[in-house]
Amino acid sequence: MKTAFSQLSTLARTTEGARIAGEVSAIVGLTLTVVGLNRALGIGQRCTIKGKKGPVLAEVVSVDEKGTQVLPFGNWNGVTIGDRVEISTSGESIRPDLSWIGRVLNALGDPIDGLGSLHEGPVPCPPKNTPPNAYARRRVGERIDTGVRVFDVFTPLCKGQRMGIFAGSGVGKSSLLSMMARRAEADVIVVGLVGERGREVQDFIQKDLGAEGLNRSVIVVSTGDEPPLMRRQAAWTATAVAEYFRDQGLQVLLLIDSVTRFAMAQREIGLAGGEPPTTKGYPPTVFSELPQLLERSGPGVGEKGDITALYTVLVDGDDMNEPVSDAARGIMDGHVVLDRAIAEQGRFPAVNIQKSVSRMLPDCHNPGEYAVLKAARRALARYADMEELIRIGAYREGSDEEIDAAVRFARPAENFLTQSKTESTTSEQAFAKLYELLGHSGIEVEAPKE
């Protein structure tokens, strides 16, 4: 009797259930319309189209009286009217594991580094997840050392903080991220390369990140030639991997490059699904998806770890007030602006200190450090105000004592702010050096109040 029951149990687990199927009724651009599955497939669910050149995984983006509209994770080559469409559960969850550290994955969580298959963990993690309950979360923690002087002094990063790096193309975002991945205090780094140039992926991994950074990182890659679903999925998958490590009690540093390409992918998906375009062609879902993505990082709950996140924002036309930049800046806990003019002068990281801010100030610095910060910012601001007049010789030394001190401070401050990718400095060393430069320039640091 027990043997018969065991056989029936095995048969029940292995017997394939009935499949609900539809068929292709139309293909227009990226959008394919399926009929026969309107009541079986909802928004965000997946299906497989049985094309002549092999199955194509797709996702539902809209439903109307004509049928179910889906977009591909690949392309529609070989798919035609009447092809069979089946409901799919492929890729609805990933199963991260600690052994994933040091590996490179695609947006669906499959390895692309040629090092063999991945060991799957016991807990399924949905790529698109809901943020933790706001009331249950801890507050942002203490400051972490990034090894980058301009960050540690002027725009400090704390455990569970979300910071945006805003810049145009070619101003040094990837190099700055690689410096963070190599030196920042964290148990594990998760890097999401969203819509990256294919040529630059290996450059980032081997040259910028190097073996030192890769050995404590998980990298999720989607290149710019991939369909919009894959580019959007890369950001979701990277965040899901970070959530897994956070739930193991680890301190996670999440680096996503870039939020703008995530928004552009969502724009393509929304427009293909029939959404109306709004500002600069972005449909409404772009501005609802951004907080859903960004809010998933941050402080943990209970005994769990934190996700400290850096998101790059590729500023369209160097306009810091364009729609995606403006929306992202309002969600994050601070922003760092990389200035093209500073990069052209040869100073890297090309951080514009006057335009950058961390919302964790002043609490994340002790009183002495904050006094040094204020004195340095004031001196740099005074020099920036007078820089043009100084260059053309319209300002005469001795006219204003404060400006004279700012001029003496400017050149050594530029050297202080310049840092190579292989160089690392602790925050204590950075503050000590800056205090010394202020003193040599004749700038008084206000004593902290008791």
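The values are calculated or read from the model by the stated rules, or taken from the named source; none is laboratory data. Everything numeric here is computed off the predicted structure, so don't read it as measured data. A quick note on method: Cβ atoms are made from the backbone with ideal geometry, for glycine too, and the neighbour counts reach across all protein chains shown. Quick note on the areas: whole protein, heavy atoms, side chains included, nothing else; ligands and nucleic acids left out. Shrake-Rupley method; radii C 1.70, N 1.55, O 1.52, S 1.80 Å.
Roughly how big is the chain's charge dipole about its Cα centre, with Cβ charges of +1 (Lys, Arg) and -1 (Asp, Glu), in debye to the nearest 20?
Dipole size: approximately 1240 debye.
Looking at the chain, what % of the alpha carbon pairs are farther apart than 33 Å?
Within the chain, distances greater than 33 Å cover 44 percent of Cα pairs.
Rounded to a whole number, what % of the accessible area of the stretch 51-184 do carbon and sulfur atoms account for, probe 1.4 Å?
Roughly 50 percent of what the probe reaches on the stretch 51-184 is carbon or sulfur.
Nearest 20 debye, what's the magnitude of the dipole of the stretch 288-443 about its Cα centre given +1 on Lys and Arg Cβ and -1 on Asp and Glu Cβ?
300
Is the shape of the stretch 18-87 best called rounded, prolate or oblate, per the rule: a/c under 1.5 gives rounded, else a/b larger than b/c gives prolate, else oblate, with a ≥ b ≥ c the square roots of the Cα gyration tensor eigenvalues?
Because its axes are fairly even, with a/c under 1.5, the stretch 18-87 counts as rounded.
Name the residue from Pro132, Ser420, Gly164 whose Cα lies farthest towards the positive end of the charge dipole of the chain, charges +1 on Cβ of Lys and Arg and -1 on Cβ of Asp and Glu.
Pro132
So, R0 is 51 Å and r is the distance between the beta-carbons of Glu92 and Asn352; what FRET efficiency does that work out to, to 0.05?
Working from the Cβ atoms, E equals 0.75.
At what distance in angstrom do the alpha carbon centres of the stretch 196-217 and the stretch 81-126 lie from each other?
Comparing the Cα centres of the stretch 196-217 and the stretch 81-126, I get a distance of 21 Å.
At 222 nm, what value in deg cm²/dmol follows for the chain if DSSP H runs of at least 4 each add -39500 (n - 2.57) and the sum is divided by all its residues, to the nearest 500?
-10500 deg cm²/dmol
If you consider only alpha-carbon coordinates, what radius of gyration and Dmax does the stretch 286-341 have, in Å?
My reading of the Cα-based Rg and Dmax gives 13.3, 45 Å.
For the stretch 367-441, treating each Cα as an identical point scatterer without solvent, what Debye log10 I(q)/I(0) comes out at q = 0.19, 0.27 1/Å?
For the stretch 367-441 at q = 0.19, 0.27 Å⁻¹, log10 I(q)/I(0) is -0.81, -1.29.
I need the phi-derived Karplus couplings for the stretch 400-413: 6.51 cos²θ - 1.76 cosθ + 1.60, θ = phi - 60°, integer Hz, Gly and Pro marked x.
8, 5, 5, 5, 4, 5, 5, 5, 5, 7, 4, 5, x, 5
Tell me the relative contact order for the chain as a rounded percent, counting alpha carbon contacts under 8 Å between residues six or more apart.
Result for the chain is 16 percent.
Give, as a single signed number, the net charge of other residues whose beta carbon lies under 12 Å from the beta carbon of Glu322, with Lys and Arg counted +1 and Asp and Glu -1.
Charge balance near Glu322 sits at -2.
Quick check on the chain: of the DSSP beta bridges with both residues there, what percent are antiparallel, nearest 5%?
55
Check Ile165: other-chain or 5+ apart residues with amide H under 5 Å from its amide H, H built from backbone geometry?
Tyr311, Thr312, Val313, Val336
Just want to confirm a number: the relative contact order over the stretch 18-87, from Cα pairs under 8 angstrom separated by 6+ residues, in percent.
With pairs under 8 Å counted, the relative contact order is 40 percent.
For Asn106, list long-range residues whose amide hydrogen, built 1.01 Å from N in the peptide plane, is under 5 Å from its own amide hydrogen.
Ile112, Val221
Taking amide H positions as placed 1.01 Å from N in the peptide plane, with prolines and chain starts having none, which residues 5 or more places from Ser62, or on another chain, fall under 5 Å of its amide H?
Residues meeting the amide H criterion: Gln69.
Return the sequence-ordered ³J(HN,Hα) values of the stretch 22-34 in whole Hz as given by the Karplus equation 6.51 cos²θ - 1.76 cosθ + 1.60 applied to θ = phi - 60°, using x for Gly and Pro.
Per-residue couplings from phi come out as x, 8, 6, 10, 6, 9, 10, x, 7, 8, 10, 9, 10 Hz.
Just subtract the alpha-carbon distance of Ala381 and Ala447 from 0.36 nm times their residue separation and send over the number in nm, one decimal.
Between Ala381 and Ala447, full extension yields 21.7 nm more.
Translational D (Stokes-Einstein, µm²/s) of the stretch 98-358 at 20 °C and 1.002 mPa s when Rh comes from the Kirkwood sum over C-alpha pairs?
Estimated via Stokes-Einstein, D reaches 117 µm²/s.
Could you check the spin-label model distance between Arg216 and Asn75? Points 7 Å from the Cα along Cα→Cβ, value in nm.
4.1
Would you list which lysines come within 18 Å of Lys433, measuring only between C-alpha atoms, while excluding same-chain residues fewer than 8 positions from it?
Lys374
Could you give each residue of the stretch 250-263 its phi-based ³J(HN,Hα) in whole Hz, using Karplus coefficients 6.51, -1.76, 1.60 with θ = phi - 60°, and x for Gly or Pro?
Each residue's phi maps through the Karplus curve to give 8, 8, 10, 10, 9, 10, 10, 10, 9, 5, 4, 5, 4, 5 Hz.
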